[in-house]
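This report concerns only the one structure given below.
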Amino acid sequence: MQTKEFDVIVIGGGNAALCAAISAKEENKNLKVAILESSPKEWRGGNSQHTRNLRSMHDAPTDVLTDAYSEDEFFDDVFKVTKGQTNEEYARFVISHTPQAVEFAKKHGVRFQPSMRGTLHLGRTNAFFLGGGKSLVNAYFTTAKKLGIEIFYEFEALDLIFEADACKEALVLDKKNNQEVKFRAKVFIIASGGFESNLEWLEEAWGEKARNFIIRGTKFNQGKMLKALQKNKAQIIGDPTQGHMVAIDARTPKYDGGIASRVDCVSLGIVVNKDAQRFYDEGEDFWPKRYAIWGRLVANQEEQIAYSITDSKVQSCYMPSLFPPIVTNSIEELAQKMKLDEKKLKQTIDEYNQSVVAGQFNHTIQDNCFTKGLKIEKTHWALKIDTPPFYCYPLRPGVTFTYMGVKVDKTARVYKDDGSLFENLFAAGEIMAGNILTQGYVAGFGMSIGTVFGRLAGENAVKVMKGLK
Amino acid sequence: MKITRIYEDAMKSCVICNSCRYCEGLCAVFPAMEKKRVFNLQDMDYLANLCHNCSECFYDCQYAPPHEFNVSIPAQFAALRQQSYKKYAFPNFLSFIFEKNAFISALLLVVLFFAGFYLAFAGKNSQSGDFFDIMPYTYMTSLFSIVGILVLIALIVGIVKYAKAIELKNVSFSAFIQTLKDALSLKYLGGHKNEGCTYPNETRSNVRKIFHHLTAYGFIFCFIATSLGAFYHHFLHIYAPYDLTQFPKLFGFIGGIFLCIGTLGLLILKLKADKKLIDKESVGMDYVFILMLFIVSFTGLLLMFFRESEYLAALLWLHLSCILTFFILLPYSKFVHMFYRFTALLKYNTEEEQH
């Protein structure tokens, strides 16, 4: 078997991996650094290619962020969305490093949108990548290449080989030539994402339900490194069913549907399940919280399907989506098209309509339109569904990323299950995001974690290497 | 059938762009797209001509091929632009002749004109380098005036048809000035903060903008030179040939050199461009136009250098044949993109102002 030798090997090709490789190389230009990306070049970047922004605290307006967003406010947002299931120490640690994360990105070719354009209500908390995540990934790959980092596409790390507390080599499949290659290095950084693309693993965790899940991101996050780490006694944290799951259009392809697959109108109408019953307060909250909860809600319904129904009154209040809505002129017709029980759907909508209390509809704030007297109330944006044509989007759970991963310290070094640290093993990105979040999600935080821990992993890997024999 | 398919594919891409919006900061196309929820054919003709084919959005797109959504705005819009040039061209039948056999038609015209000049003026030459010794003044000016006016009419009709179709209206003076600035500076070809666009490949550079500037300003300079020549002749009674210290010559000389470098540069870039970004159907027409522009400027320069040689007459016939062919090609060639783009930009700036 062919053997390749490096100083630093980064497994993965997304944001965290690239930040790690670049940081390591910049820490010491003489080091031989390699990136192993399991995908072909056209699909490179893992889930980062589907991302859009990075959440960052800031004390004053910047060229890419408006107003101010304090550490406390940022943390409160994380706390609320995760229902307190966050590690405050680590979360604040990441949050306090986010301003440098934006600067790092800018310095390495990532371009941001000026703060005044576009999705304004987010310009305060999130810095938007000009051209999106793929543009960010392209910029980092260009920088990595310029710095002399060796990039191996279609090289999939299969396993890690340890001696005592140190990782010695990675067993890698060269997919183009279908042969295995040994990659030896002094330090290893694992930034290969979660396991959400591994359908068998999802089914292990979720049971049969998982068969109806759609994976919003890359098909290359197979979780092989997580398995290898598990096998080699790394400390595993998190529940395999936890992650970020969004209610997306049921017609989305199995992989890589990305942002365009989301359905934006959930809070403007009602959502019913297979049995034509409502099952949650659609008006509880809006962006970004709504996205984070509805995926799981749909996942727990029969056949993992639900239907978001609105009427023509709110058509212009939400983002257009990838697939056209199903449009009908009567509720009966809608029921037929969706294969729902006509009477039940009619009854659900009638009951809902009768309970709507008239208020001032305003979809941009939590308004005073609500229902009164239902088992499950709709607490905001409750308008009668009575003006045809009626619009319907079928919904399915879209898995975006998983939280089960490895425990790391604040230098990104990986813990063993006995509480000690591996000598030369680091982790960054989705594979360690569970140190900070264990459920729920706020937009752009994944990229914050990836950038902050990616940089830490790269820098500390080089520092640790100096101490190794 | 095929044309419908081109429009359908591009519309599908627009729907995806509109639900993604990651590119909204890249150029004018995306904010313009966001103003629509549904797209009709005219919208597509508008959007396609707003696009500079810079390819930034292609490399940034998470849905670009090999993704099954197959979003490829640069290539799809290039195909649409080609359709739109044809659709609004006047008289329409001529555009079909040139579309099918751009190279052959152009070559045939050059040869025909050259043969005509040869037959008419064979044996004439000039020692002093005076063109009118070879071709009489009235003959030359009336020929070019007639062709010029016909071409101008054809161009104007085409542009008006296009402007009407995309519903350009309520243009303000400030929007017009803004558009003029954007067009003259090629604002959107500079990419973000003028760092350049990803053309001809993924690496960002301003090289295309430079060549385009040379071509456009070279053309403008030559136009000025010709107009100045007429002005000198008629009003100042200063007659050609001029020397390099005189404005008509100065503009013509600089313009010619700009044009040669610019068109050659654009031609090479086109050959080097990422094949994924190019609409194969429109390539032939584009090449012919750039090539003709190069030949016109190159023969012009040759004429200047060999003015006092025995080849003067032949060179003059060649140069004039090329110019005539070029003129006739204008309304049916890539040349119109200048007006279509300007009109589209004008609509964009007008809508932005009212927004």
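The values are calculated or read from the model by the stated rules, or taken from the named source; none is laboratory data. All values reported here derive from a predicted model rather than from experimental measurement. Please note: Cβ atoms are built from the backbone with ideal geometry, for glycine as well, and neighbour counts cover all protein chains shown. All accessible areas refer to the heavy atoms of the entire protein, side chains included, with ligands and DNA or RNA removed. Shrake-Rupley method; radii C 1.70, N 1.55, O 1.52, S 1.80 Å.
Per-structure values
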{"read-out": "Per-region count, the stretch B:179-195, residues within 25 Å of residue A:64 (Cβ to Cβ) and either surrounded by 14 or more Cβ atoms within 10 Å (Cβ to Cβ) or touching a Lys or Arg at 6+ places or on another chain (Cβ under 6 Å) (or both)", "value": "8"}
{"read-out": "Residues satisfying the stated conditions in the stretch A:56-112, i.e. among the hydrophobic types (A, V, I, L, M, F, W, C), more than 20 Å from the chain's Cα centre (by Cα) and modelled with pLDDT of 95 or more", "value": "A:104"}
{"read-out": "Number of positions in the stretch B:271-311 that are open to solvent by less than 30 Å² (accessible area, probe 1.4 Å), over 30 Å from residue B:64 (Cα atoms) and in contact (Cβ under 8 Å) with a residue 60 or more places away in the chain", "value": "4"}
{"read-out": "Every pair of residues 6+ apart whose Cβ atoms lie under 7 Å, when the first sits in the stretch A:226-255 and is closer than 15 Å to residue A:431 by Cβ while the second is in a helix (DSSP H, G or I)", "value": "A:226/A:431; A:236/A:230; A:237/A:434; A:237/A:435; A:238/A:434; A:240/A:205; A:244/A:292"}
{"read-out": "Every residue from the stretch B:243-265 that is within 17 Å of the chain's Cα centre (by Cα) and open to solvent by 30 Å² or more (accessible area, probe 1.4 Å)", "value": "B:258, B:261, B:264"}
{"read-out": "Test: residue in the stretch A:89-112 that is crowded, with 22+ Cβ neighbours inside 10 Å, over 30 Å from residue A:28 (Cα atoms) and assigned by the TED database to the domain that holds residue A:46", "value": "no"}
{"read-out": "Residue within the stretch B:158-165 that is in the same structural domain as residue B:326 (by TED's automatic domain parsing), open to solvent by 40 Å² or more (accessible area, probe 1.4 Å), among the basic types (Lys, Arg) and outside any helix (DSSP H, G or I) present", "value": "no"}
{"read-out": "Enumeration of residues in the stretch A:293-345 that are touching a Leu at 6+ places or on another chain (Cβ under 8 Å) and within 14 Å of chain B (Cβ to nearest Cβ)", "value": "A:314, A:317, A:318"}
{"read-out": "Residue within the stretch B:125-138 that is farther than 25 Å from residue B:229 by Cβ and open to solvent by 40 Å² or more (accessible area, probe 1.4 Å) present", "value": "no"}
{"read-out": "Residue list for the stretch A:289-317, filter: among the aromatic types (Phe, Trp, Tyr) and touching a Cys at 6+ places or on another chain (Cβ under 8 Å)", "value": "A:307"}
{"read-out": "Residue A:76, sole failed condition from (1) open to solvent by 50 Å² or more (accessible area, probe 1.4 Å); (2) within 30 Å of residue B:63 (Cβ to Cβ)", "value": "(2)"}
{"read-out": "Tally of residues being assigned to a helix (DSSP H, G or I) and of a type outside the set (Val, Ile, Thr) across the stretch B:1-32", "value": "17"}
{"read-out": "Enumerated helices (runs of 4 or more DSSP H) restricted to the stretch B:33-97, each holding at least 1 residues that are open to solvent by 10 Å² or more (accessible area, probe 1.4 Å) and farther than 20 Å from residue B:22 by Cα", "value": "B:41-50, B:73-88"}
{"read-out": "Complete set of residues in the stretch A:123-144 that are over 17 Å from the mean Cα position of the chain (by Cα), more than 8 Å from chain B (Cβ to nearest Cβ) and among the hydrophobic types (A, V, I, L, M, F, W, C)", "value": "A:139, A:141, A:144"}
{"read-out": "Top-ranked residue of the stretch B:16-27 - restricted to ones that are closer than 14 Å to residue B:62 by Cα and either among the basic types (Lys, Arg) or more than 7 Å from every other protein chain (Cβ to nearest Cβ) (or both), ranked as most open to solvent (accessible area, probe 1.4 Å)", "value": "B:21"}
{"read-out": "Filter result for residue A:171 (assigned to a strand (DSSP E or B), away from chain B (no Cβ under 14 Å), open to solvent by less than 40 Å² (accessible area, probe 1.4 Å) and without any contact (Cβ under 8 Å) to a residue 40 or more places away in the chain)", "value": "yes"}
{"read-out": "Residue A:32 vs. criteria out of contact with any Leu (no Cβ under 7 Å at 6 or more places or on another chain), open to solvent by 60 Å² or more (accessible area, probe 1.4 Å) and of a type in the set (D, E, K, R)", "value": "yes"}
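Residue by residue, here is whether (1) among the hydroxyl-bearing types (Ser, Thr, Tyr); (2) part of a strand (DSSP E or B); (3) surrounded by fewer than 24 Cβ atoms within 10 Å (Cβ to Cβ) holds:
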{"site": "A:5", "(1), (2), (3)": "no, yes, yes"}
{"site": "A:10", "(1), (2), (3)": "no, yes, no"}
{"site": "A:39", "(1), (2), (3)": "yes, no, yes"}
{"site": "A:61", "(1), (2), (3)": "no, no, yes"}
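The rows are residues; the columns are (1) at pLDDT 95 or above; (2) among the β-branched types (Val, Ile, Thr); (3) under 30 Å from residue B:317 (Cα atoms).
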{"residue": "B:121", "(1), (2), (3)": "no, no, yes"}
{"residue": "B:124", "(1), (2), (3)": "no, no, yes"}
{"residue": "B:127", "(1), (2), (3)": "no, no, yes"}
{"residue": "B:138", "(1), (2), (3)": "no, yes, yes"}
{"residue": "B:141", "(1), (2), (3)": "no, yes, yes"}
{"residue": "B:144", "(1), (2), (3)": "no, no, yes"}
{"residue": "B:160", "(1), (2), (3)": "yes, yes, no"}
{"residue": "B:179", "(1), (2), (3)": "yes, yes, no"}
